[in-house]
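This is the structure I have questions about; it appears just below.
All of the numbers you see were taken from the coordinates with simple rules; none came from a lab. On a predicted model such as this, the values are computed, not experimentally measured, just so you know. Virtual Cβ from ideal backbone geometry, glycine too; neighbours counted across all protein chains shown.
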Amino acid sequence: MSIFKRDDSPAYDLSNFTLLIVEDSQYMQSLMASMLRVFGVGDIMVCDSSKEAQDILTITQARKTSKYATKVDIVLTDWLMPKGSGEELLKWIRSNEEDEIRFLPVIVVSGYTTEYVTARARDLGANETLVKPVSGNGLASRICSVIDNPRPFINISGYFGPDRRRTVMVFQGPERRVMKVKEVVKVKK
């Protein structure tokens with residue numbers, strides 16, 4: 001089985017995907033793992049703290065040459081956990097020196113998705129956020145979004161992560177730039 005498109009035709013084969021669930025509630029761990037199995041995810045890892053997730057990612061993502069290595073493809077993390085928060089994990093992932101860790105897609109899952117939490121997760125580099133209680137459609141849509149719409153990563157002062165802009169804005173004012181884009185490209189060469 002796989003995740004389905006809206007017209008119920010198979011869209012993805014996730015049998016080669018590995019997802020890491022970072023969640024302190026055993027019930028939520030079980031619920032999300034069950035959904036992922038129904039979606040056809042090949043390997044599901046589960047842990048209950050930010051620290052344990054860091055240990056798992058350090059080990060799995062470092063295996064660059066082994067054909068038997070299980071690398072994590074997407075991280076699903078709770079935001080509030082007693083043994084290290086999703087916020088701490090997200091900071092650690094985005095500031096990691098290893099590209100295999102730093103560029104991992106992260107979906108923040110939380111029952112406390114206030115505007116502040118959503119903005120904070122986005123500003124720390126989360127690819128997506130998902131509100132608890134988790135539904136199959138919600139989880140599938142976030143996973144599909146990460147797969148279908150991989151956003152370029154931005155590295156600017158104070159931020160590293162996926163481009164936070166979701167829409168293309170067309171400027172509707174007068175042209176005030178000193179140089180045209182073609183001229184800037186020529187100067188840089």
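Could you give the nm distance between label points at R151 and D55, where each point is 7 Å from its Cα heading toward the beta carbon?
Taking the simple label geometry, R151 and D55 are separated by 3.3 nm.
For the residue pair S34 and T70, what label-to-label distance in nm results when each label sits 7 Å from Cα along the Cα-to-beta-carbon direction?
Label-label distance for S34 and T70, simple model: 2.1 nm.
Please label the shape of region 82-161 as rounded, prolate or oblate, based on the square roots a ≥ b ≥ c of the eigenvalues of the alpha-carbon gyration tensor (a/c under 1.5 means rounded; beyond that, a/b larger than b/c means prolate, else oblate).
Working: a/c = 1.77, a/b = 1.29, b/c = 1.38.
Oblate, because a/c is 1.5 or more while a/b does not exceed b/c.
Based on Cβ point charges of +1 for Lys and Arg and -1 for Asp and Glu, what charge dipole magnitude is obtained for region 18-188 about its Cα centre, in debye rounded to the nearest 20?
It comes to approximately 940 debye.
Can you tell me the length gained on complete extension of the stretch R120 to R165, counting 0.36 nm per residue apart and subtracting the Cα distance?
The span from R120 to R165 would gain 14.7 nm if fully extended.
With the Cα gyration tensor of region 18-188 in hand, give its eigenvalues times 5 under a square root as the equivalent ellipsoid semi-axes, listed largest first in whole angstrom.
32, 20, 16
Then there is this: With unit charges on the beta carbon (Lys/Arg positive, Asp/Glu negative), name the residue among V46, T18, M35 whose Cα is farthest towards the positive pole of the charge dipole of region 18-188.
Most positive-ward Cα: T18.
Under 14 Å from a label point 7 Å along Cα→Cβ of Y27: give me every residue in region 93-114 with its amide N that close.
The answer is 111.
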